[in-house]
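A short write-up of the structure that comes next.
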Amino acid sequence: MLTKRMEQLIREMPKGENHIHIEGSIPARTALRLAKRNSVALPFDSEAGMKDFIAKNVVDLNSFMKSDRLINSVCLHEEDYYDVVYDLGEDAKRQNIVYQELHLDYPLNEERGIPMDVVMRGYEAGRKAVLKDFGVEIVFIAGIDRTLPPDQCTAFVKNLEPYLDMVDGVGMDCEEKGYPCILHKEAYEIAGKMGLFKTAHAGEDDGCQNIWDALNVLGCQRIDHGVRAIDDPVLVRELADRKTLLAMCTRSNAMTRLFPTPADHSIKPLMAQGVICSISSDDPPYVGDLLWEYQGVVENLGFDEDTLITLARNSLEYSIKGQHHLPAFDEWVKQWKEAHPC
């Protein structure tokens, strides 16, 4: 049960976030402001209207991608991309997120003819401003669109070379069925040679083989979602033994109907078998922010206070470069427990 004490813990606890997509996370206030500035027509004209549009039109992963492209169309110029990251940083500060890994899905912008340098300069300037103004550390993960031809994805990774001072990882997302991980082996090999951390969406709306391939063929150090791992006991043991983080998003998975009900999500049995997990918002305008995600695992899965603390610690300990936040996190937890004895 979500008690007042738990609500306070969720609100005040310093947290990391490992799985959130910039292009899918444009706040409603930002989307409306940019649409007006750039004279882009949207099928809504208020924050409530955007929420209603999403509720009526997004029922699965494919419909989400259509909505994602629509809302992302408001971004045209460097200052737009700056504003998006800056506003996300402001939201992160409100939630006591101290470290956030943002997937940047440049292909969504490339298909509209936006030069890569325009996007990257805006994002990087936004990241620097967020650290200065809000104290939130942002790390960028460059997202491969797995539905694109492999040679195009390989070219995208190669084009990251001038931006290695701002990009720390490479990931892969979009519709999984019909687009196995192994199609992009070359892109991941190049990413590895460039020193990028490797992760991939796998085992989300397709089976366990994609998780195996992400680990053993692509050399991924993390799996995003990975909910279908529960179907393969050998894979569960492998993930636990390797200490591979599953960066999960339970409310997002409920929205795309990967499980009959939120209570059926696989995160609880996976953690019970030793798999390391963290939770993230994925795309906040669609499923709520990280505070809402934490509340969800209490209400729907019965997670207790210690499990919430474990999830938050995992988001830092198994992050790309957020481990330096751990001493402050551990001290905060110590003080919390002293001030709030059970």
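The values are calculated or read from the model by the stated rules, or taken from the named source; none is laboratory data. The structure displayed is predicted, hence computed values, not measured ones. Note: ideal-geometry Cβ built from the backbone for every residue, glycine included; neighbour counts use all protein chains shown.
Matching residues to (1) within 22 Å of the chain's Cα centre (by Cα); (2) crowded, with 18+ Cβ neighbours inside 10 Å; (3) assigned to a helix (DSSP H, G or I):
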{"position": "M6", "(1), (2), (3)": "no, yes, yes"}
{"position": "I10", "(1), (2), (3)": "yes, yes, yes"}
{"position": "G16", "(1), (2), (3)": "yes, yes, no"}
{"position": "A31", "(1), (2), (3)": "yes, yes, yes"}
{"position": "K36", "(1), (2), (3)": "no, no, yes"}
{"position": "L42", "(1), (2), (3)": "no, no, no"}
{"position": "R69", "(1), (2), (3)": "yes, no, yes"}
{"position": "D80", "(1), (2), (3)": "yes, yes, yes"}
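Taking the conditions (1) part of a loop (DSSP other than H, G, I, E, B); (2) at pLDDT 95 or above in turn, M1 satisfies each one other than (2). Any residue that is more than 19 Å from S73 (Cβ to Cβ), touching a helix residue (DSSP H, G or I) at 6+ places or on another chain (Cβ under 6 Å), surrounded by 20 or more Cβ atoms within 10 Å (Cβ to Cβ) and among the polar types (S, T, N, Q) - is there at least one of those in region 93-116? Yes: one or more hits. Across region 103-162, the number of residues qualifying as of a type in the set (A, V, I, L, M), part of a loop (DSSP other than H, G, I, E, B) and touching a Pro at 6+ places or on another chain (Cβ under 9 Å) comes to 1. Scanning region 37-69 for residues that are β-branched (V, I, T) and either closer than 26 Å to E176 by Cα or touching a strand residue (DSSP E or B) at 6+ places or on another chain (Cβ under 7 Å) (or both) returns I54, V58, V59. Taken over region 18-29, the criterion of being in a helix (DSSP H, G or I) and hydrophobic (A, V, I, L, M, F, W, C) is satisfied by A28 alone. Where helices (runs of 4 or more DSSP H) fall entirely within region 241-315, those with at least 1 residues that are β-branched (V, I, T) and over 19 Å from the mean Cα position of the chain (by Cα) are at 290-301. Could you go through region 307-322 and let me know if any residue there is under 20 Å from E12 (Cα atoms), out of contact with any Phe, Trp or Tyr (no Cβ under 8 Å at 6 or more places or on another chain), free of Cβ contacts under 8 Å to residues at least 24 places away in the same chain and of a type outside the set (V, I, T). Yes, there is a match, as at least one residue in region 307-322 is under 20 Å from E12 (Cα atoms), out of contact with any Phe, Trp or Tyr (no Cβ under 8 Å at 6 or more places or on another chain), free of Cβ contacts under 8 Å to residues at least 24 places away in the same chain and of a type outside the set (V, I, T).
Across region 316-342, the number of residues qualifying as in a helix (DSSP H, G or I), under 20 Å from F197 (Cβ atoms) and not acidic (D, E) comes to 5. Just the residues that are buried (at least 16 other Cβ atoms within 10 Å of the Cβ), assigned to a helix (DSSP H, G or I) and out of contact with any Ser or Thr (no Cβ under 9 Å at 6 or more places or on another chain), please, taken from region 212-239. Within region 212-239, W212, D213, L235, V236, L239 meet the criteria.
Taken across region 270-282, residues that are under 22 Å from Q8 (Cα atoms) and among the aliphatic types (A, V, I, L, M) do occur, with at least one present. Considering region 52-67, and only residues there that are in contact with a helix residue (DSSP H, G or I) (Cβ under 7 Å, 6 or more places away or on another chain) and part of a helix (DSSP H, G or I), the residue that is farthest from P260 (Cα to Cα) turns out to be S67. Restricting region 171-198 to residues that are of a type in the set (F, W, Y) and not in a helix (DSSP H, G or I), the residue that is nearest to F156 (Cα to Cα) is F197.
Among the residues of region 240-276, none is identified as surrounded by fewer than 16 Cβ atoms within 10 Å (Cβ to Cβ) and in contact with a strand residue (DSSP E or B) (Cβ under 8 Å, 6 or more places away or on another chain).
Pairing each residue of region 107-118 that is touching a residue at least 12 places away in the same chain (Cβ under 8 Å) with any residue that is in a loop (DSSP other than H, G, I, E, B), provided the two are 6+ apart or on different chains, yields C-beta distances under 7 Å for P107/L148; L108/E23; N109/C75; R112/S73; I114/L76; M116/N159; V118/H77.
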